[in-house]
Amino acid sequence: MFCNNEYDVVVIGAGPGGSVAARNLSRAGHKVLLLEKREKIGYPVRCGEASTKLSDLQTYGPIDEDCIETIINGLYIYGPNGVNIDLAQKGTGIMLNREKFDPWLAHLAANDGVEVVTRARAEFVGDVESGTRLVRVKLGEGAGETTEEVRAKMVIAADGVESRIGRQVGLDCLQKPAFTCTGVDIQVQGILTKPDYLTFWQGHDFINDGYIWSFPKVKSNVTNFGAGFLISNNHGSNVLDITMEWLYKLFPGAQINHVVGGVIPVSSVLKDYTLDRFALVGDAAHHTNPLTGGGIAAAMRAGRFCAQTVHEGFECGNLSKEFLKTYEKRCYDYFGRMHDFEYKFRRFLLNVNKDEQTELYKVLQNFAKHGCKKRAFLQTPVSSAKMLYKFLRFK
């Protein structure tokens, strides 16, 4: 049973985006219900677990230090024809423990007044009637399962890839195969690669329409090793077999703890993910980075922007689709415009031949070697100009 049958806001999904949105709205004085379909928030983990720098993350906190596995000080990318990129950037990111991090964010939300309910699956969201939407929820499992209904002045769905609730209310949030990666993440015992770096293998010598990754979790002494590629392309084998093949090719004798898999939106942000008194957040709105597939930081930022806009809507008495477009604009201005650029760059990188890709990697290698300063491109003027011209003309 819920504490109430009417709420200002019901948030569906207690991942990072949902918990941040719920907490911020509760702190603004609204009555908020946060629903999570699983019994344990944050489990199972279907994620590489790399995210934004610690100073950015702490703005959503305080974040318990047990949630932080590794401080990341750089990226290393193995590219085509042996052209590798070493990008040293102190504190550029972190490795999270999502089994601890996601429950912690929900804990922070609960401490700030959010009613958090697990084993609660939102089955149906109704149309707007008298300024509210009906939310039908199944609680528990098996013989003890019950169905409850609540009404909310605003519904936020942070229910993941291909949001079932988003589709049910009429939003086009399906994943098209050409814009979706299928991926496998393998937890391997021990640290496989440089402990404070994220390591990637990408290009024609590896997986061209995706990449292989090795992300170290130092505190737990494990590595998240994985691979992903576009669903629409024919690799002649499934992603699990390919990932296992690369794991043992790169690290013979690797000891596997467990394996998970999933799909990742790489289409850039949806163009339309709000309705009257309804909004999508995080993977549901395709907020994932279309180049890397990362989505934790964007989901949390979107949760914050959504809460800000919804609170403003309550203040002025307007939660229409037109008003909630402000939320979409805030997301686009903050990360969506860059996601569009990265979406184009990914398609460009995948469409050039091996020689052109090698030339591009040499330009990027030089750029990284000189501290990512724009003047570094002057040291490779012909190649830089050639690649820029090709990129600008690429559709």
Complete set of residues in the stretch 107-124 that are assigned to a helix (DSSP H, G or I) and out of contact with any Gly (no Cβ under 8 Å at 6 or more places or on another chain): His107, Ala109, Ala110, Asn111
Residue that is under 30 Å from Thr199 (Cβ atoms), among the charged types (D, E, K, R), surrounded by fewer than 17 Cβ atoms within 10 Å (Cβ to Cβ) and in contact (Cβ under 8 Å) with a residue 24 or more places away in the chain, where the choices are Asp66, Asp102: Asp66
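Restricting the search to the stretch 199-215, which residues are touching a residue at least 60 places away in the same chain (Cβ under 8 Å) and within 22 Å of Arg347 (Cα to Cα)?
As a first pass, look at the stretch 199-215 and keep what is touching a residue at least 60 places away in the same chain (Cβ under 8 Å): 199-206, 208-209, 213, 215.
Listed by number, the residues that qualify are Thr199, Phe200, Trp201, Gln202, Gly203, His204, Asp205, Phe206, Asn208, Asp209, Trp213.
Does the stretch 128-146 contain any residue that is assigned to a strand (DSSP E or B) and within 24 Å of Gly295 (Cβ to Cβ)? Before you say what the answer is, go through the steps one by one.
Step one: list which residues in the stretch 128-146 are assigned to a strand (DSSP E or B), which gives 128-129, 132-139, 146.
Within this subset, residues satisfying the condition of being within 24 Å of Gly295 (Cβ to Cβ) are none.
Within the stretch 128-146, none of the residues are assigned to a strand (DSSP E or B) and within 24 Å of Gly295 (Cβ to Cβ).
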Single condition Cys173 does not satisfy, out of (1) of a type outside the set (Phe, Trp, Tyr); (2) modelled with pLDDT of 95 or more; (3) over 25 Å from Phe215 (Cβ atoms): (2)
Set Val260, Val310, Val281, Val266: member being crowded, with 21+ Cβ neighbours inside 10 Å, aliphatic (A, V, I, L, M) and under 30 Å from Asp241 (Cα atoms): Val266
Contacts under 8 angstrom Cβ, first residue in the stretch 168-194 being surrounded by 19 or more Cβ atoms within 10 Å (Cβ to Cβ), partner at pLDDT below 95 and among the basic types (Lys, Arg), 6 or more apart: Asp185/Arg46
Contacts under 7 angstrom Cβ, first residue in the stretch 216-238 being outside any strand (DSSP E or B), partner among the β-branched types (Val, Ile, Thr), 6 or more apart: Val218/Thr70; Val218/Ile191; Asn221/Ile191; Ile231/Thr180; Ile231/Thr182; His235/Ile242
Candidate set from the stretch 241-277 (those that are in a strand (DSSP E or B) and over 19 Å from Glu49 (Cβ atoms)); member that is nearest to the chain's Cα centre (by Cα): Thr274
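Over 15 Å from Gly282 (Cβ atoms), in a strand (DSSP E or B) and acidic (Asp, Glu): does that describe Glu39? Outline the logic, then answer.
Working: over 15 Å from Gly282 (Cβ atoms): yes; in a strand (DSSP E or B): no; acidic (Asp, Glu): yes.
Here the answer is no, as Glu39 does not meet what is asked.
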Residue within the stretch 340-359 that is over 30 Å from Gly48 (Cα atoms), assigned to a helix (DSSP H, G or I), of a type in the set (Lys, Arg) and under 29 Å from the mean Cα position of the chain (by Cα) present: no
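Just checking, how many residues over the stretch 284-304 are closer than 17 Å to Ser26 by Cα and surrounded by fewer than 24 Cβ atoms within 10 Å (Cβ to Cβ)? Quick ask: steps written out before the conclusion?
We begin by selecting, within the stretch 284-304, every residue closer than 17 Å to Ser26 by Cα; these are 300-304.
Keeping just the survivors that are surrounded by fewer than 24 Cβ atoms within 10 Å (Cβ to Cβ) gives 304.
Within the stretch 284-304, residues that are closer than 17 Å to Ser26 by Cα and surrounded by fewer than 24 Cβ atoms within 10 Å (Cβ to Cβ) number 1.
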Failed condition for Ser232, given (1) in contact with a helix residue (DSSP H, G or I) (Cβ under 7 Å, 6 or more places away or on another chain); (2) under 30 Å from Ala279 (Cα atoms); (3) buried (at least 16 other Cβ atoms within 10 Å of the Cβ): (3)
Test: residue in the stretch 384-394 that is part of a helix (DSSP H, G or I), over 21 Å from the mean Cα position of the chain (by Cα) and of a type in the set (S, T, N, Q): yes
Residue within the stretch 50-59 that is within 27 Å of Gly210 (Cβ to Cβ), modelled with pLDDT under 95 and among the polar types (S, T, N, Q) present: yes
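Specify the residue that is farthest from Leu96 (Cα to Cα); the eligible residues are those in the stretch 20-40 that are buried (at least 21 other Cβ atoms within 10 Å of the Cβ) and touching a His at 6+ places or on another chain (Cβ under 9 Å). So that I can check it myself, show each step before the final result.
Filtering the stretch 20-40 down to residues buried (at least 21 other Cβ atoms within 10 Å of the Cβ) leaves 20-26, 32-36.
Filter once more, so that each one left must be touching a His at 6+ places or on another chain (Cβ under 9 Å): 24-25.
On the way: Asn24: 22, Leu25: 25 Å.
Filtering first and then ranking leaves Leu25.
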Residue check for Lys53: out of contact with any Gly (no Cβ under 7 Å at 6 or more places or on another chain), surrounded by fewer than 24 Cβ atoms within 10 Å (Cβ to Cβ), in contact (Cβ under 8 Å) with a residue 24 or more places away in the chain and not assigned by TED's automatic domain parsing to the domain that holds Gln187: no
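The values are calculated or read from the model by the stated rules, or taken from the named source; none is laboratory data. Please read these numbers as outputs of a predicted model, since none were measured by experiment. Reconstructed Cβ throughout: ideal geometry from the backbone, glycine too, with neighbour counts over all protein chains shown.
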